[in-house]
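Below is the structure I would like to discuss, written out as structure tokens.
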Amino acid sequence: MTASRRRDPAAPVLLTSAPRTSTAALLNGAAARRGLETVTLTGPDTLRELAGRAVHWYGGPRTADRVAGPLRLGLLDPPDDWLTRLPRQLTLRQVELTTHAEASRRTGPFFAKPPSDKSFPPGVVACGTQLPPAAPQTPVLVSEVVSFVAEYRLFLLDGALVTATRYAVHGRLDPAPLDDDPYAPDVRAFAARLPALAPLPSAAAVDAGRLDGGGWAVVEANMPYFAHCYAADPAAVLDVVLRAAGPYARVQEGDRRFLRAQGARRNSAATRTQEPKDPRAPLRP
């Protein structure tokens, strides 16, 4: 276990995966300044040493599935079909949730991406046969091809925008603080519309952008505990991460429907209609 200077065992912990990303380093710094102990996951010994502690997680979903049970984590995720449920005024395009097998039979150009697990790279394909390989039942979001002039990541807590960052311009990575961006007022106005129109957990990270033809649309929703902060305020991002991936016992009632089902691939929205498994139950191999 790699940790910051040992603190009071009652102190909360921010656990990050290894190797650490630039965002993990920024969050660790913000957490340490706030009095959290920062720990890097190095193996099973880390889990044993953190047993019984109030742990928060930042890292990938597959590792999260392995550590959530032993550490009693409650992980908040947008459901796979979240984007398809939004009103057209928020997407400005047709979006469908299907499987890789079904998407591979489609004709004509379309944009395809896995909703959450990054099982294949997102992108535009000329037809379904050009999809990157994946298991037949892998969930795939399929949408019309649109072009974004600029894209932004919005970090929300209890429906309010706490920080945001630009991350791309004309499809190319170009991070910048929101306050330095000419579209900042429009971004804030769009974020203010989301809570009333888009069902979200109390801690959320949503990507939005300005379309080439004008208008603002949601790009996607992310797992806050696996979202890069780019040029956003790390201290504010940390607030969102701590709520989105923390002790199961502290999950708010309104967030329970967004709890990630542990140890199982979410093949459809149907998995979210069932009560998530209590992480205090032992994980099965």
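So which pairs qualify, if the first residue must be in the stretch 86-113 and within 23 Å of Ala192 (Cα to Cα), the second must be open to solvent by 40 Å² or more (accessible area, probe 1.4 Å) and among the β-branched types (Val, Ile, Thr), the Cβ gap must be under 6 Å, and the two must be at least 6 apart or on different chains?
Taking only residues 6 or more apart or on different chains, the pairs are Arg93/Val146; Val95/Thr84.
Please work out which one of (1) modelled with pLDDT of 95 or more; (2) in contact with a helix residue (DSSP H, G or I) (Cβ under 9 Å, 6 or more places away or on another chain); (3) open to solvent by less than 30 Å² (accessible area, probe 1.4 Å) is the condition Ala235 fails and give its number.
Answer for Ala235: the failing condition is (3).
Please work out which one of (1) under 22 Å from the mean Cα position of the chain (by Cα); (2) farther than 18 Å from Pro224 by Cβ; (3) open to solvent by less than 20 Å² (accessible area, probe 1.4 Å) is the condition Ala18 fails and give its number.
Ala18 satisfies all of (1) under 22 Å from the mean Cα position of the chain (by Cα); (2) farther than 18 Å from Pro224 by Cβ; (3) open to solvent by less than 20 Å² (accessible area, probe 1.4 Å) except (3).
Okay, moving on. Considering only residues that are of a type in the set (S, T, N, Q) and open to solvent by 20 Å² or more (accessible area, probe 1.4 Å), look in the stretch 41-76 and name the one that is farthest from Lys118 (Cα to Cα). Give the derivation first.
Our first condition is that a residue be of a type in the set (S, T, N, Q); within the stretch 41-76, this holds for 42, 46, 63.
Pick out the ones that are also open to solvent by 20 Å² or more (accessible area, probe 1.4 Å) and you get 42, 63.
Details: Thr42: 23, Thr63: 13 Å.
Of everything passing the filter in the stretch 41-76, Thr42 is farthest from Lys118 (Cα to Cα).
Name the residues in the stretch 89-123 that are among the aromatic types (Phe, Trp, Tyr) and more than 20 Å from the chain's Cα centre (by Cα), would you? Walk me through it before giving the result.
Taking the stretch 89-123 as the starting set, the residues that turn out to be among the aromatic types (Phe, Trp, Tyr) are 110-111, 120.
Listed by number, the list holds a single entry, Phe110.
Output the residue which, of all residues in the stretch 204-216 that are buried (at least 19 other Cβ atoms within 10 Å of the Cβ) and of a type in the set (A, V, I, L, M, F, W, C), is nearest to Arg260 (Cα to Cα).
Going through the qualifying residues, I end up with Ala204.
Is it fair to say Asp8 is assigned to a helix (DSSP H, G or I), of a type outside the set (A, V, I, L, M) and farther than 25 Å from Asp158 by Cα?
On the way: assigned to a helix (DSSP H, G or I): no; of a type outside the set (A, V, I, L, M): yes; farther than 25 Å from Asp158 by Cα: yes.
So Asp8 fails the test.
Here is a yes/no grid of residues against (1) under 21 Å from the mean Cα position of the chain (by Cα); (2) more than 10 Å from Ala232 (Cβ to Cβ); (3) of a type outside the set (Val, Ile, Thr):
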{"position": "Gly128", "(1), (2), (3)": "no, yes, yes"}
{"position": "Leu141", "(1), (2), (3)": "yes, yes, yes"}
{"position": "Leu157", "(1), (2), (3)": "yes, yes, yes"}
{"position": "Ala160", "(1), (2), (3)": "yes, yes, yes"}
{"position": "Arg166", "(1), (2), (3)": "yes, no, yes"}
{"position": "Arg172", "(1), (2), (3)": "yes, yes, yes"}
{"position": "Asp179", "(1), (2), (3)": "no, yes, yes"}
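Ok, one more. Taking interchain pairs and intrachain pairs at least six residues apart, which have beta carbon atoms under 9 angstrom, with the first residue in the stretch 132-143 and within 11 Å of Asp80 (Cα to Cα) and the second of a type in the set (Gly, Ala, Ser) and assigned to a strand (DSSP E or B)?
Val140/Ala112; Leu141/Ala112
Among the residues of the stretch 154-190, count how many are surrounded by 13 or more Cβ atoms within 10 Å (Cβ to Cβ), farther than 18 Å from Tyr230 by Cα and small (Gly, Ala, Ser).
Qualifying residue count for the region: 1.
I would also like to ask the following. Need a quick list: helices (runs of 4 or more DSSP H) entirely within the stretch 81-136 having at least 2 residues that are open to solvent by less than 30 Å² (accessible area, probe 1.4 Å) and closer than 22 Å to Gly60 by Cα. So that I can check it myself, show each step before the final result.
Values: elements: 82-85, 88-91, 100-103.
Helices (runs of 4 or more DSSP H) meeting the threshold: 82-85.
The values are calculated or read from the model by the stated rules, or taken from the named source; none is laboratory data. Nothing here was measured: the structure is a model prediction, and the numbers come from that model. In this analysis, Cβ positions are derived from the backbone assuming ideal geometry, glycine residues included, and neighbour counts consider all displayed protein chains. Please note that ligands, DNA and RNA were not included when accessible areas were found on the heavy atoms of the full protein model with its side chains. Shrake-Rupley method; radii C 1.70, N 1.55, O 1.52, S 1.80 Å.
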